[in-house]
1. Look at the stretch A:145-182 and say how many of its residues are without any contact (Cβ under 8 Å) to a residue 12 or more places away in the chain and not hydrophobic (A, V, I, L, M, F, W, C).
2. In the stretch A:133-153, what residues are assigned to a helix (DSSP H, G or I) and over 15 Å from the mean Cα position of the chain (by Cα)?
3. Could you check B:Gln306 against (1) under 30 Å from B:Trp173 (Cβ atoms); (2) in contact (Cβ under 8 Å) with a residue 40 or more places away in the chain; (3) out of contact with any Ser or Thr (no Cβ under 8 Å at 6 or more places or on another chain); (4) in a helix (DSSP H, G or I) and say which number it fails?
4. So A:Pro224 clears everything in (1) more than 10 Å from chain B (Cβ to nearest Cβ); (2) closer than 22 Å to A:Trp139 by Cα; (3) not charged (D, E, K, R) except one condition, right? Which one?
5. Hand me the list of helices (runs of 4 or more DSSP H) wholly inside the stretch B:88-195 holding 3 or more residues that are closer than 27 Å to A:Leu258 by Cα and open to solvent by 50 Å² or more (accessible area, probe 1.4 Å).
6. Considering only the stretch A:89-130, state which residues are within 19 Å of the chain's Cα centre (by Cα) and within 16 Å of A:Ile180 (Cα to Cα).
7. Test B:Ser204 against the criterion of being out of contact with any Cys (no Cβ under 7 Å at 6 or more places or on another chain), among the small types (Gly, Ala, Ser) and either at the interface with chain A (Cβ under 9 Å from one of its Cβ atoms) or touching a residue at least 24 places away in the same chain (Cβ under 8 Å) (or both), and give yes or no.
8. Identify, from the list B:Ile162, B:Ile178, the residue that is closer than 20 Å to A:Thr249 by Cβ and more than 13 Å from chain A (Cβ to nearest Cβ).
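The values are calculated or read from the model by the stated rules, or taken from the named source; none is laboratory data. A quick note: this is a predicted structure, and the numbers were derived from the prediction, not measured. In this analysis, Cβ positions are derived from the backbone assuming ideal geometry, glycine residues included, and neighbour counts consider all displayed protein chains. For the accessible areas, the whole protein counts, side chains as well, though only heavy atoms, and no ligand, DNA or RNA atoms are used. Shrake-Rupley method; radii C 1.70, N 1.55, O 1.52, S 1.80 Å.
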Amino acid sequence: MSRKALRSLLLHAVLVLGALATALPLVWMVSASFMPRGEASSFPPPLLPSRPTLAHYRELFTRLDMGRNAVNSTVLAVAVTFLSLAVNAASGWAYAKLRFPGRGRLFAGLLGTMVIPGQVAMLPLFLLLRSLGLVNSYWGIILPGLASIFGIFLVRQYALTVPDELLDAARIDGASELRIWWSVALPLCRPILVTLAVFTFLGSWNDFMWPLIVLTDGAKYTLPVALAGLAGEHVLDTELMMAGSVVTTLPALLLFLLLQRSYIDGIMLGSVKE
Amino acid sequence: MSAGRASAAANPRRSAWRRSEARAGFLLVAPGLAVLVVFFFLPILAALALSFTDFDIYAVGDPSTARVVGLSNYARLLRDPVFWISLKNTFFFVLVGGPLTVGVALGTALLLNAKGVRLPGLFRTVYFAPVVTTVVAVATVWRFLYHPRFGLLNHVLGFVGIPAVDWLGDPRWAMPAIVLMAVWKNYGASMIVFVAGLKAIPESLYEAAVLDGAGAWRRFRAITVPLLAPTFLFVGLTTTIGYFQLFAEPYVMSGGDGGPVNSTLSVALFMYKQGFRWWNMGKAAAIAFVLFAVILAATLVQARLQRGRET
């Protein structure tokens, strides 16, 4: 074998090993969710179910009513995604393309606060929501999620690449600035808006700490909060817990596989320095 | 700014545009600013104020019972051994997990970027998949992978003769176990950023270096490392900031308490327990601010180090 072929073989062996190690926990999660009760806790640990069963999924959606949590997660993620998209698209466009007094300082200020961990705001935010009667309501999760500095930044970076001549042409045609935002900017920024939508949806779908704090009633729990609660009660029921993990994580994975191009493009754009 | 714009400032139609442009600008940034001020900036200031009070469960019912206590929450924290344990655990997670995550990510990106890799898109998708999964779900999965008797990890380690470890039950191993899971879950995100950074390095630089007789290691040191420096800083900063906020992993893996014997108690989990389980909100706010200060300091140090290396 030539040196080149050997090098290629070695390279691909490492890549495949890495892929197997990365995929194994997820594959095992799916596999164990179909195992008959107790099979995952036998020795040696089986990789595939001896007799695949849907019993755990049935239990999740009937007795444990996880379908309701799935609906909650979906409604919340969709609402946060669309509402915040409008807010962030407006801000991002204005910071990139509309000249107004104080714009530079305002934007620099926003960027500077990106290092502040969200956890710092949580205690007063909870008290604020409590005084507004929004604890244990979806608004308690939607309202704080309506704007994101990262989202504004992402839209702005993209909007900067739109040539000014295009806007001046629309202005000469007598279009108002809001009109230009709506019918020129938004269509032009479509790729980044799709990216941001995927980001926001996944962020909301996977979020745990804030929903755990705000939602107090099991019927309102999102999937991650419900799953964490389940883990406390059914800690020995491995197969059931794996089915719950599949239900929680599969929609996010599928969405990513479907839209991975725009998701990955967004990460790259977000990391590009000015 | 172009010459056309400067001369057009005299044009009355242009200045009318300018005014409407500024008006539209304010109008479009207003909703975002309002949300951020009400739900982020003011709460942060309020948290600072809260940390100087003894706001507790009685004050949750009737805020007028809270009293200003100055710095005593901070002073008590410094004397609280559990707080120091949570700080130590968080630093362990950041200082061990951070470099491991970034290292694995860089290694994977270099392999993926090597010449002649078949199906790079497929590998990339697989490596990235854990990033989009739900922390709570995969932490649940890993909890079983770490099972001392039935877990796959000990089974695999058994093949190479390593005796079984009670990963999540042994205080010495619980935090390393969480680090391992976090590396698995997060390295794909940094890998993607590194791949983008590597792709941005012009191929001609490497070709010229080959002509000059530079070996692979030399090319890596002299071209890849310096040109990847900004990417490195970005990945390092985002990983550090994110890892300092460790919460869901230890919450799920320890059943919510940060055990065994506080060995997985992170600062964020400590804040959650103090603030939202025992309603010691004054103390919890002080914890949150210490975390903020630590993150800020770490960010500045990292940016400074990077700048020092560049000059």
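1. Adding up the residues that qualify gives 9.
2. Scanning the stretch A:133-153 gives A:Trp139, A:Gly140, A:Leu143, A:Pro144, A:Ile149, A:Ile152, A:Phe153.
3. (1)
4. Failing condition for A:Pro224: (1).
5. Answer list for the stretch B:88-195: B:98-113, B:120-132.
6. Just the residues of the stretch A:89-130 that are within 19 Å of the chain's Cα centre (by Cα), to begin with: A:89, A:114, A:117-119.
Answer for the stretch A:89-130, where residues must be within 19 Å of the chain's Cα centre (by Cα) and within 16 Å of A:Ile180 (Cα to Cα): just A:Ala89.
7. For B:Ser204, the condition - out of contact with any Cys (no Cβ under 7 Å at 6 or more places or on another chain), among the small types (Gly, Ala, Ser) and either at the interface with chain A (Cβ under 9 Å from one of its Cβ atoms) or touching a residue at least 24 places away in the same chain (Cβ under 8 Å) (or both) - is not met.
8. B:Ile178
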